[in-house]
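Inspection log for the structure reproduced underneath, given as C-alpha cells.
Laboratory data are not the source of any read-out in this text; all were calculated from the coordinates shown. Predicted model, so just to flag it, every value in this text is computed and none were measured. Cβ atoms come from the backbone with ideal geometry, glycine included; neighbour counts cover every protein chain shown.
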Amino acid sequence: MYSIIEKIKYYFPHIIIILITLNDSLFVNSWIAPGPIVNLKYIIIFYFSFFDKERFSITFLFILGLLFDSMYAMPLGSSSICFICLNKIAIFLHKKRTRINYQNEFTSFIISLFVTQIIALFVLHEFGKAPLEYSLLFINLIFTTICYPLARYFFQYLFRLN
Amino acid sequence: MNDNRLSRSSVPGFATIQRNIEKKFLLPTYLLVSFFLLILDSTDFKAIKVVKGLTNDLVTYSVWILKTPIKYPINVIISSVKNINFNAKTIDEQLNDDISKLTSENNQLIFYKNENENLKRILNIRNKEDYSFVYTKIIHENTNEFNKNFTINVGSNEGLQINQAVVRNNVYLGKISELNLYSSKVMVVTDVNSRIPVTIPSRGANAILKGNGMGGADLLFYPLNIKLEDGDQIYTSGTDGSIKEGLYVGKVMGDKDRRFFKNYKIQLGFSDHLLNYVSVLKSKR
C-alpha cells in the first residue's frame, strides 16, 4: 500500500518531464534570452531508465515525443524515436555493466547521449525541412554532459536509486 | 494440494504472457509508427496537412488551458514586482519631457511624409503594397535546442499565410513558420533557421540577418568595403517579397574588430520577455 507522498515521489519525474515538454518557458522565461542549452529531458530519461527501467514506459515516451514535436514544430515522430532510443540504450548499458559506479554511469550517459544525438541528427537531416545548426547541437551536447553530474546529485538526493 | 501445485508452477500466467507480448511488440510498433508519421509529415498531401494542423491546434489549446492557472499568477507577480516604483515623480517628469520631444518629432515626420507623397506624385511613383494588421495573442512560447518560436491564436481562418511578418510597435519580431487552422507558429528572429533580408540605410548596404540561436542575430553577406558603426540602424529591406520593407529590426552595437568572433553585435529592437500581444502584417492584395 503506497502512501500519497510515495506516489507523488514516484511520478515526480513524469510531472517534471511533461512540464518541460509542454512549456520550457515555465522554467526559463525566454525566447530571446539564451534558450535551454542543457537538454534536461535527456538527462531525466537517461537517469530514470538507467536506475529504474520500469519508471518510464515506452508508451509514455512515445506520447511525450509526439506532444513535444507538436508543440515545437518539429517533424512529427522524431522526438519519440529519440526518447525511446535513449531509454533502450540506457537500459541496455545498465544490463551490460557488472558493477555500477559513478564512472560507469557517466560513461554510459555520454555514450547514450551521443548515440541519441546522432539519431536525432539523422532523423532531422532526412525528414526535417529547416537546415540544421551543427554548432548549436554540439554546444547542447557539451553543456548537457557538463550538467549531468549536478542533475544526478539532485536526483540521488531525492530518490536514492542506486 | 492441486492449488498449491498450481501456485508453485513455473508456467507463466496470462498477465505475464501479456506483459511479455507487449514488451516484444511495443518497441517495434512505436518505432514503425514514428517513422510512418515522419514520412507522412514530409509529404505534401493536403489531407495530411489539414489533419496535422487540427492536431496541432488541439494540442496547443489544450496546453494553453492547462497552463493558464499556473502562468497567470506568475505573470501577475512578475508584473506587480515590475510596477513597484519609488521614483514615480522623477519618472513622470522624464516621461513628460519625452512626450513633448516625441510630439515635435512626430510633427516633423508628418511634414516629411507629406513632402514624400508629393514628390512621389510628381515623379509618378506608385506606392508599394498595402498591409493590414491582425492583432493576436501569444498563447505559447517555445524554446528548445533547435527552435525559438511562439504560438499565436490566429491561423488560416484569418487569412494568414506562411512567411508573413509579425511585429510589435512596428518592430520586427519574426515570421510565420507553420500555419494551422486556429493557431500559427512564429519563428523568432533569433531562431537559428531565421534569415531575413535587411538594409542599413545610413551606409546604403544590404545584408542578411541570421539568428544565432543564443538570443541574438548575426549579419551575413554585407559589403566588406563598408564599415558599420555603433548605432547604425537595421531595417527589413523587403526584397524577399513577403516581409514589408522598413520595419525596424535593431541596431549595430560596437566595433567588430574588437570582438573575438569578428562579427558585428546586433542589439535587437525588442527586449521584453513578457510579450502578450503582437500583430501580423497581412498583405491587402
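Provide the packing ranking of B:160-168, A:151-159, B:200-208, A:83-91, i.e. peptides ordered by the mean count of other C-beta atoms within 10 Å per residue, highest first. Write down the numbers at each step before the final one.
Working: B:160-168: 18.4, A:151-159: 13.9, B:200-208: 16.1, A:83-91: 22.9.
The peptides rank, most packed first, as A:83-91, B:160-168, B:200-208, A:151-159.
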**Item:** For the stretch B:108-113, Karplus couplings with θ = phi - 60° (6.51, -1.76, 1.60), whole Hz, Gly/Pro x
**Value:** 5, 4, 4, 4, 5, 4
**Prompt:** For the cross-link pairs B:K49/B:K244; A:K9/B:K175; B:K67/B:K282; B:K89/B:K227; B:K49/B:K175, which exceed 31 Å when the distance is taken from alpha carbon to alpha carbon?
**Reply:** A:K9/B:K175; B:K89/B:K227
**Prompt:** Across the stretch B:61-73, in residue order, what do the Karplus-derived ³J(HN,Hα) couplings come to in whole Hz, using 6.51 cos²θ - 1.76 cosθ + 1.60 with θ = phi - 60° and x for Gly and Pro?
**Reply:** 6, 5, 5, 4, 5, 5, 7, 3, x, 7, 6, 4, x
**Request:** Would you calculate the volume per residue, in Å³, of the smallest convex hull containing every Cα atom of the stretch B:144-184?
**Result:** 80
**Request:** May I have the convex hull volume per residue, in Å³, for the Cα set of the stretch B:85-127?
**Result:** 52
**Request:** Partner chain Cβ atoms within 10 Å, averaged over the residues of B:34-46 - can you pull that number for me?
**Result:** 5
**Asked** Is there a simple number for the mean count of other chain Cβ atoms within 10 Å of the Cβ of residues in A:60-73, and what is it?
**Response** 5
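Restricting to DSSP H runs of at least four residues, report the calculated mean residue ellipticity at 222 nm for the protein assembly as shown, -39500 (n - 2.57) per run over all residues, nearest 500 deg cm²/dmol.
Rounded to the nearest 500, it is -18000 deg cm²/dmol.
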**Request:** Output the direction-averaged projected area (hull surface divided by four) of the convex hull of the alpha-carbon atoms of the protein assembly as shown, in nm².
**Result:** 30.4
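With all pairs of different alpha carbon atoms counted, what Kirkwood hydrodynamic radius in Å does chain A show? Each step should come with its number before you reach the end.
Details: mean 1/r = 0.0608 Å⁻¹.
It works out to 16.4 Å.
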**Asked** For A:V115 and A:K95, what is the calculated FRET efficiency with R₀ set at 25 Å and r taken between the beta-carbons, to the nearest 0.05?
**Response** 0.95
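Shielding of B:24-31 by partners, i.e. mean partner chain Cβ atoms within 10 Å per residue? Intermediate results must be reported in sequence, preceding the final value.
Working: counts 0, 0, 5, 6, 0, 3, 11, 8.
Per residue, the average neighbour count from other chains is 4.
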**Complete:** Largest-first semi-axes in Å of the equivalent ellipsoid built from the Cα gyration tensor of the stretch B:131-285 are 28, 17, 12
**Item:** the stretch B:233-244 - phi-based ³J(HN,Hα) in whole Hz, Karplus 6.51/-1.76/1.60, Gly and Pro as x
**Value:** 8, 10, 10, 6, 8, x, 6, 7, x, 10, 9, 4
**Request:** Work out the charge dipole of the protein assembly as shown with +1 on the Cβ of Lys and Arg and -1 on the Cβ of Asp and Glu about the Cα centre, then indicate which of B:G238, B:G211, B:F25 is farthest towards its positive end.
**Result:** B:F25
**Request:** Beta carbons within 10 angstrom, averaged per residue: use that to sort the peptides A:11-22, B:170-181, B:24-35, A:71-82, highest first.
**Result:** A:71-82, B:170-181, A:11-22, B:24-35
